[in-house]
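S.K.: What follows is a structure written as structure tokens; I'll ask about it next.
The values are calculated or read from the model by the stated rules, or taken from the named source; none is laboratory data. As the structure is a prediction and not an experimental result, all values here were calculated from the model. Here the Cβ is made from the backbone with ideal geometry for all residues, glycine too, and neighbour counts use every protein chain on show. Surface areas here come from the heavy atoms of the whole protein model, side chains and all, with no ligands, DNA or RNA. Shrake-Rupley method; radii C 1.70, N 1.55, O 1.52, S 1.80 Å.
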Amino acid sequence: MADALPVAANLAFTLPAKPGRKERDTQLAIRFSALTLPPPKNGIYRKTPDGVRLYLVDVREAAAPAGETPIHWRLLTSYAVSDADEAAAVIALYRHRWTIEQLFRNLKTQGFDIEGLRIEDEGALSNLVTAAFVAAVIVQQLVHARDGAPPGAALRPIEDAFEPSDRPLLEAFCAKLEGNTARQKNPHPKGSLAYAAWVCARLGGWTGYYGKPGPIVTLDGWQQFQAAKRGVGLLLSAFDNM
């Protein structure tokens, strides 16, 4: 079916690098069509008269370099797609899939391990999972901020993920974690979220030399920062009560 559809538009696209593949600029041919999935012949939905209305967005790389596997995505969506702009919007949403997968990775075994929770009270469980979800979103914000801002864009402020009162502790950690070489210096300005991302990555065990800190390293560092913050709060409270 998709092979017979006309090309609605060609989209200029930068394919990011990954292990075994270099970054490359390419052209993607976009096709789209409405379709209806018929009801199953068996099961509880067999009597559904009209099936399910969806839209197919077919994305193909026009000319991949020799030796490279061309991109070919077939996307099914409930969003209405009636022109090339709407198809491009669906493609943009699909490209966020890795971010979503990383977010849930933070919530599961390697992160907060919400699947291992043994709490019978539904309200308490919901509150804990919500708190973990908020923390996982903050970690993703830090990962996205680690390289600073794209050309022409402003750096995100540190207050996007931290309290203003967290800045002195972050700066104290930064002063302790910075080394003598340029690679061991925080390259981002104070007050930026990128600055805080560097601190959390170093707290999580990143040396500054190899690769980029991922979500799990950043999560470990963020948790260490939060533990230190609680410790400082308890110490200040003890002094206040003396």
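S.K.: Filter the range 212-221 for residues that are open to solvent by 30 Å² or more (accessible area, probe 1.4 Å) and either of a type outside the set (Val, Ile, Thr) or under 13 Å from the mean Cα position of the chain (by Cα) (or both) and give the result.
M.R.: If we filter the range 212-221 for residues that are open to solvent by 30 Å² or more (accessible area, probe 1.4 Å), which is where we start, we get 212, 216-217, 220.
Selection gives Lys212, Ile216, Asp220.
S.K.: Let me ask something additional. What number of residues within the range 139-168 are surrounded by 11 or more Cβ atoms within 10 Å (Cβ to Cβ), out of contact with any Lys or Arg (no Cβ under 6 Å at 6 or more places or on another chain) and either of a type outside the set (S, T, N, Q) or at pLDDT 95 or above (or both)? Break it down stepwise before answering.
M.R.: Of the range 139-168, the ones surrounded by 11 or more Cβ atoms within 10 Å (Cβ to Cβ) are 139-149, 155-162, 166-167.
Still in the running and out of contact with any Lys or Arg (no Cβ under 6 Å at 6 or more places or on another chain): 139-144, 146-149, 155-162, 166-167.
Now drop any that are not either of a type outside the set (S, T, N, Q) or at pLDDT 95 or above (or both), which leaves 139, 142-144, 146-149, 155-162, 166-167.
Counting residues in the range 139-168 that are surrounded by 11 or more Cβ atoms within 10 Å (Cβ to Cβ), out of contact with any Lys or Arg (no Cβ under 6 Å at 6 or more places or on another chain) and either of a type outside the set (S, T, N, Q) or at pLDDT 95 or above (or both) gives 18.
S.K.: Can I ask one more? Consider the range 71-86. How many of its residues are open to solvent by 70 Å² or more (accessible area, probe 1.4 Å) and within 20 Å of Lys22 (Cα to Cα)?
M.R.: 1
S.K.: Quick test for you: out of Glu120, Glu101, Glu115, pick the one residue that is over 17 Å from Leu28 (Cα atoms), of a type outside the set (A, V, I, L, M), over 17 Å from the mean Cα position of the chain (by Cα) and assigned to a helix (DSSP H, G or I).
M.R.: Details: Glu120 fails: assigned to a helix (DSSP H, G or I); Glu101 fails: over 17 Å from the mean Cα position of the chain (by Cα).
The match here is Glu115.
S.K.: Between a first residue in the range 22-37 that is closer than 14 Å to Leu11 by Cα and a second residue that is loosely packed, with under 11 Cβ neighbours inside 10 Å, which pairs have beta carbons less than 6 Å apart while being 6 or more apart in sequence or on different chains?
M.R.: Pairs that qualify, where the first residue is closer than 14 Å to Leu11 by Cα and the partner is loosely packed, with under 11 Cβ neighbours inside 10 Å, are Asp25/Thr14.
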